[in-house]
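The values are calculated or read from the model by the stated rules, or taken from the named source; none is laboratory data. None of the values given here were measured: they were computed from a predicted structure. Virtual Cβ from ideal backbone geometry, glycine too; neighbours counted across all protein chains shown. Only protein heavy atoms, including side chains, enter the accessible area calculation; ligands, DNA and RNA are left aside. Shrake-Rupley method; radii C 1.70, N 1.55, O 1.52, S 1.80 Å.
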Amino acid sequence: MELEERLAVRRATVALGSAHPEVTFSLLHWVIGTWANDAAREVFQLGATLLAGRYQRAGLHQLLPIDRVWVGIRSTRPDSFGGFHHPDQGYRHLQLASMITRYGRLVDPAVVSPELVALDLLRSYAHDCLHFGSFREYRLQQGTVIRSRYGINRRDDAGRTYSAPDQPGSLATRNIGIVMEGATDREARSVAREVAARLGLAEPAAPLDRLAFQDTTGRLGPADFTGLPDRSDAGGAARYQWAMAGYERGVGGRYARFLTETGGEHAEVLHGLIVAAMIAGDVRALLAWLDERHGRGAFRRIFRSPVYTGPDPGE
């Protein structure tokens, strides 16, 4: 009972904004309700409908309640720049809640591109819905609540995760955490891309907005980051571009390369099996698919760290 009580306390005492005291937060449904732009509302509403159907087909039947999503809408810091890549935001699994920010300069209440803001919020929400819906298991370890299983990942009794971090400069991931994050965002960006296509949204003209649009819809490539601002530029927009590039190189690009190397022409089948396994916490279909193509025990050979001492997925 102690574990349940500790989790209940953490979820009842949400202080998501404590990491950003300079930011004013509002609930997602209030933010959407204040939009005067009909096109922006249509972006989010269509996206919510599409992601509900897409995730249901993958086995997720309950989305993250929108009254558990806090959106940073203003900041007192003059260089604060919000959006998917704003630092220290995202899903908080102990609180079953999400903290995100609207795209753009948070010191400026004017929204330059309402459709892009809506599309970026949709991506963040779709992303965190999958985090919320992924299988999880908790245990108490020396009085601390530990997430011992999450999706297809595990921790042993010493707290070590199943797979080791990728080596610096790796082009393809072999880390389950990156695989799960990459799969989660691939789903979110697929939803955003479909919404943009259905509504005929055009790429914005401003360079950073255009990059953000390509990022949100999953269309970035290595050439898009050849003209990044100098790191000595301390501006919020410059930091946002570097964060975007780092995420694409470290997560999106590595996951895409993993799918190609491991799945070949069936990369999307592999991706679908990963997403379904994350939601259900049942890896049997994924293990069987990998064994058939790469030999018995493929999952263990691909992912298991030599220092991990716990059971393998499926055991």
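Starting from 0.36 nm per residue, how many nanometres of slack lie between residue 157 and residue 294 once their C-alpha separation is accounted for?
Values: separation 137, 0.36 × 137 = 49.32 nm, distance 2.94 nm.
Length difference between fully extended and current span is 46.4 nm.
Quick one: helix 284-294 against the long Cα principal axis of the chain, what's the angle to the nearest 10°, folded into 0 to 90? Helix 284-294 sits roughly 80 degrees off the main axis of the chain.
Computed on the Cα atoms alone, the convex hull of the range 12-84 gives a volume of 125 cubic angstrom per residue.
Residue 78 sits among other residues whose Cβ lies under 14 Å from its own Cβ, and their net charge, with Lys and Arg +1 and Asp and Glu -1, is +1. Using the empirical formula 2.2 N^0.38 Å as the baseline, the Cα radius of gyration of the range 273-315 reaches a ratio of 1.14.
In whole percent, and with a 1.4 Å probe on the protein chains, what portion of the accessible area of the range 93-175 is carbon and sulfur?
Working: 1630 of 3220 Å².
Carbon and sulfur: 51 percent of the exposed surface of the range 93-175.
Averaged per residue, what accessible surface does the range 227-315 expose to a 1.4 Å probe, in Å²?
50 Å²
To the nearest 10 degrees, how steeply does helix 207-216 sit against the main Cα axis of the chain, on a 0 to 90 scale? Around 40 degrees separate the two axes.
Of the whole protein surface, residue 22 contributes about 40 Å² of accessible area at a 1.4 Å probe radius. For residue 219, the solvent-accessible surface computed with a 1.4 Å probe is close to 120 Å², ligands and nucleic acids excluded.
Give the peptides 140-146, 288-294 in descending order of average Cβ contacts within 10 Å, highest first.
Details: 140-146: 11.0, 288-294: 15.3.
Descending mean neighbour count gives 288-294, 140-146.
How many Å² of accessible area per residue for the range 90-188, probe 1.4 Å? Before the final figure, lay out each step's value.
On the way: 3540 Å² over 99 residues.
Heavy-atom accessible area per residue stands at 36 Å².
Think of the chain as having a plus end and a minus end, set by charges on the Cβ of Lys, Arg, Asp and Glu; of 252, 226, 151, 151 sits farthest toward the positive end of this dipole. Average projection, convex hull of the Cα set of the chain: 17.1 square nanometres.
Using heavy-atom solvent-accessible surface (probe 1.4 Å) with all chains present, what is the largest-first order of 296, 149? Don't skip to the answer; put the middle values down first.
Numbers: 296 210, 149 45 Å².
So the residues, ranked largest to smallest area, are 296, 149.
Within the listed set 192, 52, 126, the Gaussian network model of the chain (springs between alpha-carbon atoms below 10 Å) gives the highest mean-square fluctuation for 52. Between 0 and 90 degrees, the angle of helix 176-199 with respect to the longest Cα principal axis of the chain falls at about 40 degrees.
Please state, to two decimals, what the Cα-based radius of gyration of the range 172-296 comes to when divided by 2.2 N^0.38 Å (N = residues).
Values: Rg = 16.7 Å, N = 125, 2.2 N^0.38 = 13.8 Å.
With N residues counted in the range 172-296, Rg over 2.2 N^0.38 Å equals 1.21.
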